[in-house]
Structures are given as C-alpha cells and as structure tokens.
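Participant: Let me begin by handing over the structure; questions about it come next.
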Amino acid sequence: MTPRTIRHVDAFTTRPLEGNPAAVVDGDGLDAALMQRIALNQKLSETVFLLPPRDPANHARLRIFTPAVELPFAGHPTLAAAHVLDSEGLVTRGAGEPLRLETDAGLIPVEVRAGDPPLYTMTQRPPAFRPCATPLAEIARWVSLRPEDVTHAEYVDTGIEWLIVRVASFDGQLYAGTCEAGRDQAG
C-alpha cells in the first residue's frame, strides 16, 4: 500500500490534545472498504478522507467515516479537513474566497480568517424538519422513561438526521435530548 499521511487535528481548540479530534487522511485512490478499515484503526469518532473534487470549481471532496459507518457529513471533521487544506497549502484559492468542500450532504463553504491560529467558519444548509411517526410511548421506552415524560419528537436534518425529543423532567421542567434517528423504523 502507498504510504499515506494521517494527521490528528483537534477542532474547537488552540491547545493540543483538547477539543474534538479527527483524523485527516490523503484518500485519493483508496476504496471505501479500506477507508473504513483506516477509520476503525484510528479509534476516533470520525476520520475524514481528502479527495479531488468532482467539480473543478470546488477545492476538495470529503468522505467521512466513523469506526463503523460512512457519514454524509459531520462538522468537526469538515473543519479539520479545512485546516489541513489551508495550513498545508494543498489548495489554491483567491483572497477572501471560502474553501468549497464537497460532502455527501452537499457543498459546504468554509471561510478562513487569517490569524494565529486561523479561524474556520463553515456554513451548513438550513435545518429541515419532519414529523416522527413513532409513538411517544415507544420513544420513552427506548430511553427508559415513563410514557408521559416524552412530550414531542421530530427529526432534524442538517446533513445527518437526528431524532430530537422533548422530555419533561421528573420535577416538571422541560429539557431537550437526542437519540439516534435510526431507531425510528416507522418514521
């Protein structure tokens, strides 16, 4: 196998070994099965692979893997990829031009503000909401709550779909929680 550069980037921090880590890998020429094996080997929540863009107007295409599955999009690996592309000079862009990163959830522009350290700001698509067809009592059972403790559920999608659940606490206060969308077979 051709040697690859694998970088561990700590997003959301300026201090090493803090923040939210992601592996960033040169992915050109790797198939999905090998990308998945590399992601499993990294033992991080996500590993992002840098690929040539499909559209030459963009700067890179990203494929993002957890140790178990490929994701259409995830925030901190996208920012980690932007940092590597920018800091290593792997792409050329005009002054003030955002990085244009292709993901399976669509094009993600990332603005780069110079500084020490630089600031990377990405813009996701607006959230899309859809109803949840699963009975609230069933959702309550998933998270070991009483049926009356779950008061509302709907899906929100900003690149990855999540089931958002409103829960009444035991003292009558409301708080929000999430659980993975894949559990709703009826929705």
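The values are calculated or read from the model by the stated rules, or taken from the named source; none is laboratory data. From a predicted model like this one, the values you see are computed outputs, not experimental measurements. Note: ideal-geometry Cβ built from the backbone for every residue, glycine included; neighbour counts use all protein chains shown. Accessible surface areas use protein heavy atoms only, side chains included; no ligands, DNA or RNA. Shrake-Rupley method; radii C 1.70, N 1.55, O 1.52, S 1.80 Å.
Participant: Take the residues in the stretch 17-29 that are more than 18 Å from residue 101 (Cβ to Cβ) and in a loop (DSSP other than H, G, I, E, B); name whichever of them is least open to solvent (accessible area, probe 1.4 Å).
Facilitator: The qualifying residue least open to solvent (accessible area, probe 1.4 Å) is 19.
Participant: I've got another one for you. Residue under question is residue 63, and the condition is that it be closer than 21 Å to residue 119 by Cα and either among the acidic types (Asp, Glu) or not in a loop (DSSP other than H, G, I, E, B) (or both); does it hold?
Facilitator: no
Listed here are the residues, each with its yes/no results for (1) surrounded by 12 or more Cβ atoms within 10 Å (Cβ to Cβ); (2) among the charged types (D, E, K, R); (3) over 18 Å from residue 124 (Cβ atoms).
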| position | (1), (2), (3) |
| --- | --- |
| 15 | no, yes, yes |
| 34 | yes, no, yes |
| 65 | yes, no, yes |
| 83 | yes, no, no |
| 91 | yes, no, yes |
| 96 | no, no, yes |
| 103 | yes, no, no |
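Participant: Quick check: is even one residue across the stretch 107-121 open to solvent by less than 30 Å² (accessible area, probe 1.4 Å) and closer than 21 Å to residue 162 by Cα?
Facilitator: Looking for residues that are open to solvent by less than 30 Å² (accessible area, probe 1.4 Å) and closer than 21 Å to residue 162 by Cα, one finds at least one in the stretch 107-121, hence yes.
Participant: Taking the stretch 140-158 as the search range and keeping residues that are over 30 Å from residue 103 (Cβ atoms) and among the hydrophobic types (A, V, I, L, M, F, W, C), which one is most open to solvent (accessible area, probe 1.4 Å)?
Facilitator: Within the stretch 140-158, the match that is most open to solvent (accessible area, probe 1.4 Å) is 145.
Participant: Scan (1) exposed (fewer than 14 other Cβ atoms within 10 Å of the Cβ); (2) in contact with a Pro (Cβ under 9 Å, 6 or more places away or on another chain); (3) touching a residue at least 24 places away in the same chain (Cβ under 8 Å) for the single condition residue 41 breaks and write down its number.
Facilitator: Going through (1) exposed (fewer than 14 other Cβ atoms within 10 Å of the Cβ); (2) in contact with a Pro (Cβ under 9 Å, 6 or more places away or on another chain); (3) touching a residue at least 24 places away in the same chain (Cβ under 8 Å) one by one, residue 41 breaks only (3).
Participant: Can you name the condition, by its number, that residue 136 falls short on among (1) closer than 30 Å to residue 14 by Cβ; (2) touching a Ser or Thr at 6+ places or on another chain (Cβ under 8 Å); (3) among the hydrophobic types (A, V, I, L, M, F, W, C)?
Facilitator: For residue 136, the exception is condition (1).
Participant: On to the next question. Would you check if there is a residue in the stretch 30-39 being part of a strand (DSSP E or B), among the basic types (Lys, Arg) and under 19 Å from the mean Cα position of the chain (by Cα)?
Facilitator: Taking every residue of the stretch 30-39 in turn, none turns out to be part of a strand (DSSP E or B), among the basic types (Lys, Arg) and under 19 Å from the mean Cα position of the chain (by Cα).
Participant: Still on this structure, I have one more. Might you check whether a residue that is small (Gly, Ala, Ser) and either under 23 Å from the mean Cα position of the chain (by Cα) or at pLDDT 90 or above (or both) occurs anywhere in the stretch 142-157?
Facilitator: Yes: one or more hits.
Participant: Sort out which residues of the stretch 68-125 are in a loop (DSSP other than H, G, I, E, B) and under 25 Å from residue 17 (Cα atoms), and write them in order of number.
Facilitator: 68, 69, 73, 74, 88, 89, 90, 114, 115, 116, 117, 118
Participant: Looking at the stretch 66-107 only, could you name the residues that are more than 22 Å from residue 118 (Cα to Cα), touching a residue at least 40 places away in the same chain (Cβ under 8 Å) and not charged (D, E, K, R)?
Facilitator: 71, 72, 73, 103, 105, 106
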